[in-house]
1. Can you tell me which residue among VAL135, VAL188, VAL154, VAL183 is closer than 16 Å to GLU251 by Cβ and hydrophobic (A, V, I, L, M, F, W, C)?
2. Is it the case that region 125-142 has a residue that's in contact with a helix residue (DSSP H, G or I) (Cβ under 7 Å, 6 or more places away or on another chain), open to solvent by 60 Å² or more (accessible area, probe 1.4 Å), of a type in the set (Lys, Arg) and at pLDDT 95 or above?
3. When the residues of region 143-188 are filtered to those that are touching a helix residue (DSSP H, G or I) at 6+ places or on another chain (Cβ under 9 Å) and β-branched (Val, Ile, Thr), which remaining residue is farthest from TYR69 (Cα to Cα)?
4. Within region 170-183, track down each residue that is under 19 Å from the mean Cα position of the chain (by Cα) and either open to solvent by 50 Å² or more (accessible area, probe 1.4 Å) or free of Cβ contacts under 8 Å to residues at least 60 places away in the same chain (or both).
5. I'd like to check something: does region 202-212 contain any residue that is β-branched (Val, Ile, Thr), surrounded by 13 or more Cβ atoms within 10 Å (Cβ to Cβ) and touching a Gly at 6+ places or on another chain (Cβ under 8 Å)?
6. Scan region 73-89 and report the pairs whose first residue is over 22 Å from LEU246 (Cβ atoms) and among the small types (Gly, Ala, Ser) and whose second residue is outside any loop (DSSP other than H, G, I, E, B) and open to solvent by less than 20 Å² (accessible area, probe 1.4 Å), with Cβ atoms within less than 6 Å and a gap of 6+ or a chain change.
7. For region 83-122, name all the residues that are aromatic (Phe, Trp, Tyr) and either more than 21 Å from LEU141 (Cα to Cα) or at pLDDT below 95 (or both).
8. Quick one: in region 38-82, of everything that is among the small types (Gly, Ala, Ser) and at pLDDT below 95, which residue is least open to solvent (accessible area, probe 1.4 Å)?
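The values are calculated or read from the model by the stated rules, or taken from the named source; none is laboratory data. Keep in mind that what you see is a predicted model, and the values were worked out from it rather than measured. As a convention, Cβ positions derive from the backbone with ideal geometry for all residues, glycine included, and neighbour counts pool all protein chains shown. We work out accessible area using only protein heavy atoms, side chains counted, and drop any ligands, DNA or RNA first. Shrake-Rupley method; radii C 1.70, N 1.55, O 1.52, S 1.80 Å.
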Amino acid sequence: MARTTIIFAVLASLAIAGCQSSQKAVSGEATSSLAPGTGVNNTQPTPDAGQEPPKPTPDVPDDLKTDAYHWYGLANTAPINFEIKSASESFTGSQTVHLQSVAGGKAVYEIERTGGLGDQLGTDTVTLQKDGIYVTNTTKLTTKEPTLDMPSSVEPGKTWKNEGKFTMEGGHSFDQDITFTVVGEKPVKTEAGSYTGLLVKGAGQLTIDGKKYRMVSGEWYVKEKGLVKNEISMTPLGSPHAKPQLITIQETK
């Protein structure tokens, strides 16, 4: 999952839902066919008689296989199950990365989601370039400019900003001004296992329909797998006694 625009979409969806009404938890089940011990989906569709076989997957050039490519897990074709939990809601489903095209020094990927995860987050398109990975399209948010989700180099101390204005489904407005900092490799445990992950911390401000929030987050990426866990705290500004809303996004079995 993983990506900053997805996180903001989750936060905005939960915040708007919390302000409007209480919703019941939504869940979705996902299955996968994995080669034992590989974590790679080796199930290939069998073409029907008279149909052309599927086109071969294009090769990603070596100069695009940066640190971001490996930590983001763009080569991982196996579905990953996720759960998003807040104090009042829970969504589950799976996410799968599909390479769409390679041309002009760029590789384009579709991030497909199923179940409640798909209902909440939709499908996204990210573009791998030499300088980083950009979110270029999402079915849940509309923006005029691509968003840098991870720079090509992610050495400890590396920082980057996400600034932009979005329109959500239903016409809700959503602004972000977030700074991300790479902390380094740290242990992380999810419901699916224990890893050494790349920890990226975020801090800044979100504005949802004119209401401002202070957001801090911790994201853990596992090399060749992608984002496995994200812990988020979002606190309304202007309310001295307001308690933070805590949200956890993590890989599940």
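1. Within the list VAL135, VAL188, VAL154, VAL183, the selection yields VAL188.
2. Yes - at least one qualifying residue is present in region 125-142.
3. Ranking the qualifying residues of region 143-188, first place goes to THR143.
4. Within region 170-183, ASP175, ASP177, THR179, THR181, VAL182, VAL183 meet the criteria.
5. Taking region 202-212 first, the residues β-branched (Val, Ile, Thr) are 207-208.
Okay, now just the ones that are also surrounded by 13 or more Cβ atoms within 10 Å (Cβ to Cβ), so 207-208.
From the residues that got through so far, the ones that are touching a Gly at 6+ places or on another chain (Cβ under 8 Å) too are none.
Checking region 202-212: not a single residue is β-branched (Val, Ile, Thr), surrounded by 13 or more Cβ atoms within 10 Å (Cβ to Cβ) and touching a Gly at 6+ places or on another chain (Cβ under 8 Å).
6. Once the first residue is over 22 Å from LEU246 (Cβ atoms) and among the small types (Gly, Ala, Ser) and sits in region 73-89, its partners that are outside any loop (DSSP other than H, G, I, E, B) and open to solvent by less than 20 Å² (accessible area, probe 1.4 Å) give GLY73/GLY226.
7. Step one: list which residues in region 83-122 are aromatic (Phe, Trp, Tyr), which gives 91, 109.
Residue satisfying the conditions is PHE91 alone.
8. GLY39
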